[in-house]
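Enquirer: Let me begin by handing over the structure; questions about it come next.
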Amino acid sequence: MTQPRLTLNDGRSIPQLGFGLWQVPADQTARVVQDGLAAGYRLVDGAAIYGNEAGLGDGLRQAALPRDQVFVTTKVWNDRQGTGETRSAVEESLARIGLDAVDLMLIHWPCPAQDRYLDTWKTLIDLRAEGRVNSIGVSNFGVAELERIIGETGVVPVVNQIELHPRLQQSALRAFHAAHGIVTQSWTPLGQGKSFTAAPVADAAARTGKSPAQVILRWHLQLGCSVIPRSTRAAGLAENLNLFDFTLTDAEMAAIATLDAGERTGPDPAVFS
Ligand code: NAD
């Protein structure tokens, strides 16, 4: 199956749909990556802090797809921010995964209190020029941090990966991204299942014959976001990929929009470090 792709502001592109590896046990990661790639995913979302980059690399090698057909993301953890630390953190991630370059390197959290994200961003700009990462982006950044790194360097992140689901729709941040050519990528896209039985989701599921999870993932795609659900089960991975034979109506999209409650499942990025 051909996956839809989103164009990045550096001229590259990213599959719109992928799968994530948070909380995937290290000893299952190679199998999950293989299952995901066999099912048809072409975007894998990892991070140093997930402790499973070696398994990610093993899964890639076992799947044996041409390198340019798989998009690999990983992230710099909070205690590795700053010029020298970031450089070694990226090299360590590349060594663990076993790649010469990853497709996308993200700053995992801005951690504004430690005030090292600007130096971290400048280091990623250098590493991109050196060919160690193809594209660079951020995660959990707010408008203030985005404006600062863009203003200081002139380099716009290709992606901001943020918590986004029906109960936290992030309209203001999505509008900022749209105005600056930044792809919004949704983490915890299923929102811990809290909207599965809400009428707008349940009604759309009943009409389309799809599961509530599929309706919500389709909603992300129709918002224009990239989305990276997680499942360790092959059947779950396949279910979450099966989103391209139905469409939510404008009325269904509008009904789901009413579920926004500004409710996070994770930490507030403005204070998290
Ligand atoms: P998710 O929304 O993908 O939900 C995962 C949970 O939903 C699991 O318990 C899974 O078993 C269940 N699930 C998956 N498919 C289902 C289905 N079809 N029906 C019912 N239940 C289903 O949450 P997540 O893992 O928190 O987020 C996805 C990915 O986002 C992560 O794996 C990670 O790669 C990334 N992430 C990034 C950050 C960040 O700070 N950048 C934070 C959290 C997650």
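Enquirer: Based on what the data block shows, is Val138 within 15 Å of the ligand (Cβ to nearest atom), among the hydrophobic types (A, V, I, L, M, F, W, C) and out of contact with any His (no Cβ under 7 Å at 6 or more places or on another chain)?
Expert: Taking the combined requirement at face value, the residue satisfies it.
Enquirer: Could you check Leu217 against (1) of a type outside the set (Gly, Ala, Ser); (2) open to solvent by 10 Å² or more (accessible area, probe 1.4 Å); (3) within 13 Å of the ligand (Cβ to nearest atom); (4) part of a helix (DSSP H, G or I) and say which number it fails?
Expert: Result: Leu217 fails condition (2) only.
Enquirer: From the list Arg230, Arg264, pick out the single residue that is part of a loop (DSSP other than H, G, I, E, B), within 15 Å of the ligand (Cβ to nearest atom), more than 19 Å from Leu21 (Cα to Cα) and touching a strand residue (DSSP E or B) at 6+ places or on another chain (Cβ under 7 Å).
Expert: Just one listed residue meets the conditions, Arg264.
Enquirer: Which of (1) touching a Ser or Thr at 6+ places or on another chain (Cβ under 7 Å); (2) surrounded by 21 or more Cβ atoms within 10 Å (Cβ to Cβ) does Pro229 not meet, given it meets every other one?
Expert: Condition (1) is where Pro229 drops out.
Enquirer: Anything in the stretch 3-58 that is open to solvent by less than 10 Å² (accessible area, probe 1.4 Å), in contact (Cβ under 8 Å) with a residue 60 or more places away in the chain, within 13 Å of the ligand (Cβ to nearest atom) and not in a helix (DSSP H, G or I)? List them, or say none.
Expert: Leu17, Gly18, Phe19, Gly20, Leu21, Val24, Tyr41, Leu43, Asp45, Ala47
Enquirer: Separate question: Pick from the stretch 233-261 the residues that are assigned to a loop (DSSP other than H, G, I, E, B) and open to solvent by less than 50 Å² (accessible area, probe 1.4 Å): which of them is farthest from Gln16 (Cα to Cα)?
Expert: Selected residue: Leu259.
The values are calculated or read from the model by the stated rules, or taken from the named source; none is laboratory data. In this text, all values refer to a predicted model and were calculated from it rather than measured experimentally. Glycine also receives a Cβ, built like all others from the backbone with ideal geometry; neighbour counts cover every protein chain displayed. Surface accessibility is based on the protein's heavy atoms, side chains included, excluding ligands, DNA and RNA. Shrake-Rupley method; radii C 1.70, N 1.55, O 1.52, S 1.80 Å.
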